[in-house]
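Every read-out reported here was derived from the displayed coordinates using simple, explicitly stated rules and does not represent laboratory data. Bear in mind the structure is a predicted one, so any value in this text is a computation, not a measurement. So basically every Cβ, Gly included, is an ideal-geometry build from the backbone, and we count neighbours across all protein chains shown.
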Amino acid sequence: MNNKVKKELVLSMFSMIIFEQIFKMKKYLLFVLLSIVSINVQANCEDLNTFTVVIDRGHDNVDKGAIVDDESEFDILSSLVAEITGELTSNIKVIYHNPTGSRMTLEERAAQINALKPDLVISIHMGFSDNGPRQAAIVLNDKNMGFEKSKEHASSLITHLSKDAYFSTIRTEVTGVALLEKVNAPAFMLEIGNMNASRDRYYLQSNGSKRVSLNFTAFLNDLN
């Protein structure tokens, strides 16, 4: 075998090796590309199947809402909301808006909530009345973009919360609460208890908070 033939043979073998490596690399790149696409599709499917609820506790560290006997609406609600976790189903995602209680304007609050792209927004407050225990109320705004859906979800929450005899009567009213109009999702306000009633304040800071938490969690798990 002369040198020319040897060179051609070596070049041929070398070319085959390079071609084989390129082919393997293409298969690897194709595998990586398909994996990325699969992950993105899976993530998008999970996003589509996830029902996101934003819970907006009323007031903040500066404006603590109603204050009675050195107890503030903000502090009572902070403790109550912290218990509303329970065992949620896999497709329910709960986000507590402004957990640190930072001071912000109504516009800032609404903008932050909208950035979370929620499926439902629940603003939690306590009432303030001189007429004794108020039990609870659902407040809606008919200018909310998802008003009909808001009423549907609110009705479900009433069903669950009223399983506790303490909240056997829960009123529903439609008012012009600005936050409910500014958020881009079905939304309602839950006014739970009366700050001006010592019995309500005590109930929400004792065994009553556990009952509220369990019933609220059951409501969340029924959402889809």
Which of the pairs K143/K163; K151/K182; K117/K151; K93/K210; K151/K210 have their Cα atoms more than 27 Å apart in this structure? K143/K163
Cα→Cβ-extended label distance, 7 Å offset, between K117 and T50, nm: 0.9 nm
Need the full-extension length gain, T169 to S155, defined as separation in residues times 0.36 nm minus the C-alpha distance. One decimal, nm. 3.8 nm
Relative to the present Cα-Cα distance, how much length would full extension add between E83 and V62 at 0.36 nm per residue of separation? 5.3 nm
So between E71 and K93, what do we pick up on full extension, going 0.36 nm a residue minus the alpha carbon distance? 4.9 nm
Beta carbons within 10 angstrom, averaged per residue: use that to sort the peptides 98-106, 67-75, highest first. 67-75, 98-106
